[in-house]
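Structure, as structure tokens:
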Amino acid sequence: MNNHEIKISFDEYDALTDLNDSDNALCIEAKNALKHSHSPYSKFSVGAALRLQSGKIIYGSNQENVAYPSGLCAERVALFHWGANYPNDPIESMAITAHTDAFKLNQPVTPCGSCLQVMAEYEKKQDQKIRILLFCEGGPIWAVQGSESFLPFLFFEDRLAKS
Ligand SMILES: [Zn+2]
């Protein structure tokens, strides 16, 4: 029997003002994306903003539905919009935030496994990792380079992509 250990490392900043201008601006865009969250059931809003190589910003917010499985996370709303409309303009970074009136978030919300898997697929497709910034009001900011920092055992099988 062998035991293996995986270490995850991420950068933590105390305040948005500690980020460089580009990261700071993208976090503000993610906050703006919260406005269009459709979350009448969970009352938990999530906002995402992607910065593309061209400088274009793509927004996503969680979209819920009374038929629960029909909804989608903010991250995938933004990522699929990118995939459908700007696939040749690589994603450089993605900022994600969340808000609820029900309680105070004291640490960033991390993307779910499905969103990380989608991010990983697009990183492979564009052959470039995505810088991920996670933050919430009153909490620290976490930053990593690439989805595998949060999903080290993501699923990928190269032979499935071959024609
Ligand atoms: Zn998700």
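Scanning the stretch 81-127 for residues that are over 18 Å from Ala49 (Cβ atoms), touching a residue at least 24 places away in the same chain (Cβ under 8 Å) and among the polar types (S, T, N, Q) returns Thr100, Asn106, Gln107, Ser114, Gln117. For the stretch 121-132, filtered to residues that are under 11 Å from the mean Cα position of the chain (by Cα) and within 16 Å of the ligand (Cβ to nearest atom), the residue that is nearest to Asn88 (Cα to Cα) is Ile130. Yes or no: the stretch 20-41 includes at least one residue that is closer than 21 Å to Phe150 by Cα and touching a Cys at 6+ places or on another chain (Cβ under 9 Å). No, the stretch 20-41 contains no residue that is closer than 21 Å to Phe150 by Cα and touching a Cys at 6+ places or on another chain (Cβ under 9 Å).
Matching residues to (1) more than 16 Å from the ligand (Cβ to nearest atom); (2) of a type in the set (D, E, K, R):
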site	(1), (2)
Asp18	yes, yes
Leu26	yes, no
Pro40	yes, no
Gln53	yes, no
Pro111	no, no
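The residues on offer are Ala49, Ala78, Ala95, Ala84, and the sole one that is among the small types (Gly, Ala, Ser) and surrounded by fewer than 18 Cβ atoms within 10 Å (Cβ to Cβ) is Ala84. Among the residues of the stretch 34-45, those identified as part of a helix (DSSP H, G or I) and farther than 16 Å from Pro108 by Cα are Lys35, His36.
Please find, among Lys56, Lys7, the residue that is at pLDDT below 95 and of a type in the set (Lys, Arg).
Of Lys56, Lys7, the one residue that is at pLDDT below 95 and of a type in the set (Lys, Arg) is Lys7.
Exactly one residue among Ser70, Ser45, Ser39, Ser54 is under 27 Å from Phe153 (Cα atoms) and not hydrophobic (A, V, I, L, M, F, W, C), and that residue is Ser70. Against the criterion of being more than 28 Å from Ser42 (Cα to Cα) and at pLDDT 95 or above, Asp89 qualifies.
Scanning the stretch 1-19 for residues that are under 23 Å from Gly146 (Cβ atoms), of a type outside the set (A, V, I, L, M) and either touching a Cys at 6+ places or on another chain (Cβ under 8 Å) or not in a loop (DSSP other than H, G, I, E, B) (or both) yields a count of 4. Is there a residue being surrounded by fewer than 16 Cβ atoms within 10 Å (Cβ to Cβ) and of a type in the set (Phe, Trp, Tyr) anywhere in the stretch 100-115? Checking the stretch 100-115: at least one residue is surrounded by fewer than 16 Cβ atoms within 10 Å (Cβ to Cβ) and of a type in the set (Phe, Trp, Tyr).
Yes/no per residue for (1) under 26 Å from Glu5 (Cα atoms); (2) at pLDDT 90 or above:
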position	(1), (2)
Gly113	yes, yes
Leu116	yes, yes
Glu121	yes, yes
Gln126	no, yes
Lys129	yes, yes
Trp142	yes, yes
Gly146	yes, yes
Ser163	no, no
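The values are calculated or read from the model by the stated rules, or taken from the named source; none is laboratory data. Keep in mind it's a predicted model, so treat the numbers as computed, not measured. Methodologically, a virtual Cβ is constructed for each residue, glycine included, from the backbone with ideal geometry; neighbour enumeration extends over all protein chains shown.
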